[in-house]
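Read-outs throughout are calculated quantities, based only on the coordinates presented, and are distinct from any laboratory measurement. Please read these numbers as outputs of a predicted model, since none were measured by experiment. Here the Cβ is made from the backbone with ideal geometry for all residues, glycine too, and neighbour counts use every protein chain on show.
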Amino acid sequence: MMEGAPNGTSDKDRLTFDWYLDKVVQGLVFLGGISAIVLIVGIFVFITREGLSFAATQLDIIEFFSSPRWRPTSEYRPTYNILAMIAGTASVTGLAMVVAIPFSLGAAIYIAEFATGKTREALKVMVELLAAIPSVVWGFIGLSIMNPLIIELFDVPVGLNILNAGIILGLMAAPIMTSIAEDALKAVPDSYREAAEAMGATRLQVVLKAVLPAAKNGLLGAVLLGVGRGFGETMAVLMATGHSINMPDSIFDSVRALTATIAAELGETAVGSEHYQALFTIGIFLFVITFIINLLADLVVRGVRKG
Amino acid sequence: MVGTVPKLQVRGLAISYGGKPALSGVNLEIRENEIFGIIGPANAGKTSFLKSINRMDDFTVGMKVEGSILFEGKDVRDWRNVYALRQRIGVVFPLPVGLPLGIYDNVALAPRLSGIRRRSQLDDIVERCLTRAALWDEVKDRLNSLGSLLSGGQQQRLTIARALSQSPEILMLDEFSIAVDPVTTMRIEDVLRELRQELTIILVTNLVQQARRLADRTAFFLDGSCVEVGDTEDLFMGKVQSSSTTDYITGRFG
């Protein structure tokens, strides 16, 4: 008839090799997607199997959450209560967000909206490099640099405390939050900026009035992912908090995080013992918290798509 | 010339998005080798109509199509190989989409997908399609530069060249001149008149005079229904069934 690809003239609706290939690849990709669900369900089943029977039969749930006494190795009467650790994790994560949110949003806005050319490229590479620093290195910095610095500056006996861990965790979370926030800002179409600029808006006004409202959900998502990161982080907080069971009343108190407790103690418990099962109960709690945070982040980001 | 063989028969077509009707009760046929114009104000359902024909509704969550669309006697939704269907019914969208490939590669994409590898054959297709889309002279010396860097009007012609590269039997154009200057619009209109020898064209347009210049027959869509279908000259001469058609054509609303 005319130029281009030949069409099958006799039976035009035939299933070609490409069609079958498409179906096969769709199947494989589907398996890839499903595997994530299978894994998450598998992990959940594993930790609940190890921890749930203990939590359901021997544990007083109200006391578990409301008493700070975690004495797993007491000869007389071991107790497994996690309020102190929840306070530890929450205070460190909270302080980390106070540090990380201004840093990361500022960096993201600078990179996405103000920096140009080489500065911008260099910054992006740096931020990604920062994100790749292993958490044990951060913990090491907390232990060997921040610790003496805090003792010196604030004249406190111990430098391994909420302040130390919060700053370390904040600096750790900031690069990833920056990356995600910058992606959110970059996803705002240039036409929005042009439309605002065309009305004589200054750079700052463009950012405040056009870009930030459009990127709002993505930025919130970045913050929530940072919070999730804070809850889940183990090694750096283990090294920088001081790791002592304590209800904190100031940022100079040493605390202990939920994750760090599992990491430090699981290796020394007998499999199946009460202590072992109590650690798994903490695991269930962490899993649920992380799940909720991620779900929230997902719902927030999904708000973008709905417009 | 315009044949009388129906290429597409649309019967009782109704389209809704998440339960909200967008178009309903469309009955019309589109004949082989004609230019079929569709005019009507915004939100009349023109684009939804095009989407349903080559099953782009598969992409749109919540979009539901009822009724039948017979393409050479077979309902498009009965096609097992939807990709083969889309190869035969090409679309040009209102805003040009230059894929992030070279100009040459943009046009050669579809032929390559269907297995044409010989360079001379590809060269031939690319040159002919670009010539038909009135773009060849402007780009022949820089075929490898990025298609997405062309101007809006050039990108639109590139899109048309790309749509032609897989020899569709039906070419649907959705307000193609929205981002194109008047001179280029006229050149593309000439191209469409020539293409009528070889394929069937469905032309959705906001410019009623463009429909008059090009279309053999024209349908008037209004508020989610097809008000009437008739020979374009009849509609413009006032031989209409509904006075709203004349009102729209003469610019009294819309």
Just want the answer: with Cβ charges of +1 for Lys and Arg and -1 for Asp and Glu, which residue in B:98, B:68, B:111 is farthest toward the dipole's positive end in chain B? B:111
One quarter of the C-alpha convex hull surface, i.e. the mean projected area of the protein assembly as shown in nm², amounts to 35.4 nm²
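Can you tell me what share of the DSSP beta bridges in the protein assembly as shown is antiparallel? A percent to the nearest 5 is fine.
Working: 27 of 46 bridges.
For the protein assembly as shown, the DSSP antiparallel bridge percentage is about 60.
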Per q in 0.13 Å⁻¹, report the Debye log10 I(q)/I(0) for segment A:83-230, using one uniform scatterer on each alpha carbon and no solvent. -0.66
Range of Cα positions in segment B:33-81 per principal axis (Å), largest first: 34, 33, 17
Can you give me the Cα centroid spacing of segment B:220-247 and segment A:73-128 in angstrom? 64 Å
DSSP-loop trypsin sites (Lys or Arg not before Pro) across segment B:129-230, with at most 15 other Cβ within 10 angstrom: B:140, B:142
Residue by residue through segment A:31-39, what is 3J(HN,Hα) from phi via Karplus (6.51 cos²θ - 1.76 cosθ + 1.60, θ = phi - 60°)? Round to whole Hz and write x for glycine and proline. 4, x, x, 5, 4, 4, 5, 4, 5
Kindly put A:234, B:200 in sequence by how many other C-beta atoms sit within 10 Å of each C-beta, fewest to most. A:234, B:200
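Ratio of segment A:136-217's C-alpha Rg to 2.2 N^0.38 Å, to two decimals?
That works out to 1.70 for segment A:136-217.
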Projected-area mean, segment A:135-184, by convex hull of Cα positions, square nanometres: 3.7 nm²
Which listed residue (B:27, B:214, B:156) has the Cα farthest towards the positive end of the charge dipole for segment B:6-249, taking +1 on Lys and Arg C-beta and -1 on Asp and Glu C-beta about the Cα centre? B:156
Taking other Cβ within 10 Å of each residue's Cβ, how do B:17, B:104 sort, fewest first? B:17, B:104
The long-range amide H neighbours of residue B:92, using H built 1.01 Å from N in the peptide plane and a cut-off of under 5 Å, are B:172, B:173, B:174
Can you tell me the dipole magnitude for segment B:6-249 around its Cα centre, using point charges on the Cβ only (Lys, Arg +1; Asp, Glu -1), in Debye to the nearest 20? 720 debye
Mean-position separation - Cα centroids, segment A:228-307 and segment B:85-104, in angstrom: 51 Å
What does the net charge come to around residue A:293 if you take all other residues with beta carbon closer than 14 Å to its beta carbon, with K and R at +1 and D and E at -1? -1
What is the diffusion coefficient of segment A:1-151 in µm²/s, taking the Kirkwood radius over Cα pairs and the Stokes-Einstein relation at 4 °C with a viscosity of 1.567 mPa s? 56 µm²/s
Using only Cα atoms, what Kirkwood radius does segment A:186-262 have, in angstroms? 15.7 Å
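In a shell of Cβ-Cβ distance under 13 Å around residue A:135, excluding residue A:135 itself, what net charge do Lys and Arg (+1) and Asp and Glu (-1) give? The partial results should precede the final answer.
Working: positive: A:229; negative: A:233.
Once all neighbours under 13 Å are counted, the net charge is 0.
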Members of B:46/B:140; A:23/B:51; A:209/B:20; B:64/B:239; A:23/B:46 lying beyond 30 Å, as alpha-carbon distances in this model show: B:46/B:140; A:209/B:20; B:64/B:239; A:23/B:46
Of A:173, A:165, A:214, which is the most mobile in a GNM of chain A whose springs link Cα atoms less than 10 angstrom apart? A:214
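Mind running the shape call on segment B:6-249? Use the C-alpha gyration tensor, a ≥ b ≥ c as the square roots of the eigenvalues: rounded below 1.5 for a/c, prolate if a/b tops b/c, oblate otherwise.
prolate
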State the Cα centre-to-centre distance between segment A:153-223 and segment B:33-70 in whole Å. 42 Å
Find out how many positive minus negative residues lie around residue B:47, taking Lys and Arg as positive, Asp and Glu as negative, among other residues whose Cβ is under 14 Å from that of residue B:47. -1
Under 16 Å between alpha carbons, and skipping anything fewer than 8 positions from residue A:12 in its own chain: which aspartates and glutamates qualify? B:72, B:75, B:78, B:169
Chain A: percent of C-alpha pairs farther apart than 29 Å? 52 percent
Per principal axis, largest first, the Cα atoms of segment B:112-151 extend in Å by 30, 19, 16
Rank these for me by crowding, A:144, B:165, B:151, going from fewest to most other beta carbons within 10 Å. A:144, B:151, B:165
